[in-house]
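The structure follows.
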Amino acid sequence: MSGTAALKNAIKLKLRRDNQLDYEPSEIIASAGAKQAEANVINALFDEGDEVIIPTPAWVSFAAMVSLSGAVPKFVPCPEATGFLLEPDTLRRAITPRTKGIILNSPSNPTGAVYGAEQLSAIAKVLVDADLWVMSDDVYEHIVYEGLAPHIFHLEPRLKSKGIIFNSLSKPTR
Ligand SMILES: Cc1ncc(COP(=O)(O)O)c(C=O)c1O
């Protein structure tokens, strides 16, 4: 089951209102938590030997879910000096012919780092060129001081065709 029509419609309205994104109910699935959805998607998309980029520090479960699928977590360090944010050039250098996807998490667990529009657009450009699956974990989107952080699929709609958004009802909202 993928959720009732009323729930999917509410999620559709939320994505438009908060993230300026348009999705049809047929593109929306409710699951038993974001973690369940992420595990399902990772297992569906990736195979043995594929590489999935995980900017680190990252939530521990990302790497575990990628490893369980048979794919290889490719950790890309994002040091304090860069505000714990992924730099476009660092991302470009981390991509190999085996890279199939990336997991973005902004605001981040555990660092709290949030991408601004300019940096996110630069990352989006690299991702469009690389034609990767882009998983956007938005579960902490309300943990910001003002407004909501820009969404990478709003800044770069071409990513939507290979993009998946994860959100959750288990995290604080404002
Ligand atoms: C970044 C991140 N995504 C997803 C989850 C899991 O969300 P859910 O409780 O909806 O499974 C967590 C932690 O609980 C998390 O830190």
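The values are calculated or read from the model by the stated rules, or taken from the named source; none is laboratory data. The structure displayed is predicted, hence computed values, not measured ones. Note that each Cβ is placed from the backbone with ideal geometry, even for glycine, and that neighbours are counted across all protein chains shown.
State whether one or more residues within the stretch 21-29 are away from the ligand (no atom under 16 Å from the Cβ), among the polar types (S, T, N, Q) and farther than 16 Å from GLU141 by Cβ.
yes
Here is a further query. Being touching a Leu at 6+ places or on another chain (Cβ under 7 Å), touching a residue at least 24 places away in the same chain (Cβ under 8 Å) and basic (Lys, Arg) narrows it down to one residue among LYS100, LYS125; which is it? Break it down into steps so the answer makes sense when it comes.
Values: LYS125 fails: touching a Leu at 6+ places or on another chain (Cβ under 7 Å).
Criteria check complete, one pass: LYS100.
Look at the stretch 57-89 and say how many of its residues are part of a helix (DSSP H, G or I), more than 11 Å from the ligand (Cβ to nearest atom) and buried (at least 18 other Cβ atoms within 10 Å of the Cβ). Talk me through it step by step, then tell me what you get.
Here is the first cut: in the stretch 57-89, the ones part of a helix (DSSP H, G or I) are 60-68, 80-82, 88-89.
Now narrow it down to the ones that are more than 11 Å from the ligand (Cβ to nearest atom): 63-64, 66-68, 80-82, 88-89.
After this cut, where a residue has to be buried (at least 18 other Cβ atoms within 10 Å of the Cβ) as well, the list is 63, 66.
Residues in the stretch 57-89 being part of a helix (DSSP H, G or I), more than 11 Å from the ligand (Cβ to nearest atom) and buried (at least 18 other Cβ atoms within 10 Å of the Cβ): 2 in total.
Out of (1) part of a loop (DSSP other than H, G, I, E, B); (2) surrounded by fewer than 21 Cβ atoms within 10 Å (Cβ to Cβ); (3) within 16 Å of the ligand (Cβ to nearest atom), what's the single condition that is false for TYR115?
Answer for TYR115: the failing condition is (2).
Just the residues that are touching a strand residue (DSSP E or B) at 6+ places or on another chain (Cβ under 7 Å) and hydrophobic (A, V, I, L, M, F, W, C), please, taken from the stretch 63-90. Quick ask: steps written out before the conclusion?
Here is the first cut: in the stretch 63-90, the ones touching a strand residue (DSSP E or B) at 6+ places or on another chain (Cβ under 7 Å) are 63, 66-67, 71-78, 86, 90.
ALA63, VAL66, ALA71, VAL72, PHE75, VAL76, CYS78, LEU86 - these are the residues of the stretch 63-90 that are touching a strand residue (DSSP E or B) at 6+ places or on another chain (Cβ under 7 Å) and hydrophobic (A, V, I, L, M, F, W, C).
Next question. State which residue pairs qualify: first residue closer than 18 Å to ALA34 by Cβ and hydroxyl-bearing (Ser, Thr, Tyr) and inside the stretch 56-72, second residue modelled with pLDDT of 95 or more and within 13 Å of the ligand (Cβ to nearest atom) in any location, beta carbons under 7 Å apart, and separation of 6 or more residues or different chains.
SER61/LYS35; SER69/ILE42
Does THR96 satisfy the condition of being closer than 27 Å to ASP47 by Cα, in a loop (DSSP other than H, G, I, E, B) and more than 15 Å from the ligand (Cβ to nearest atom)?
Values: closer than 27 Å to ASP47 by Cα: yes; in a loop (DSSP other than H, G, I, E, B): yes; more than 15 Å from the ligand (Cβ to nearest atom): yes.
Considered against the rule, which asks whether it is closer than 27 Å to ASP47 by Cα, in a loop (DSSP other than H, G, I, E, B) and more than 15 Å from the ligand (Cβ to nearest atom), THR96 comes out as yes.
In addition: Restricting to the stretch 132-156, name every residue that is away from the ligand (no atom under 15 Å from the Cβ), assigned to a loop (DSSP other than H, G, I, E, B) and under 15 Å from the mean Cα position of the chain (by Cα).
Within the stretch 132-156, LEU132, PRO150, HIS151, GLU156 meet the criteria.
What's the total number of residues in the stretch 7-60 that are at positive phi and touching a helix residue (DSSP H, G or I) at 6+ places or on another chain (Cβ under 7 Å)? Steps first, please.
Of the stretch 7-60, the ones at positive phi are 20, 33, 49.
Among the residues that remain, those that are also touching a helix residue (DSSP H, G or I) at 6+ places or on another chain (Cβ under 7 Å) are: 20.
The total comes to 1.
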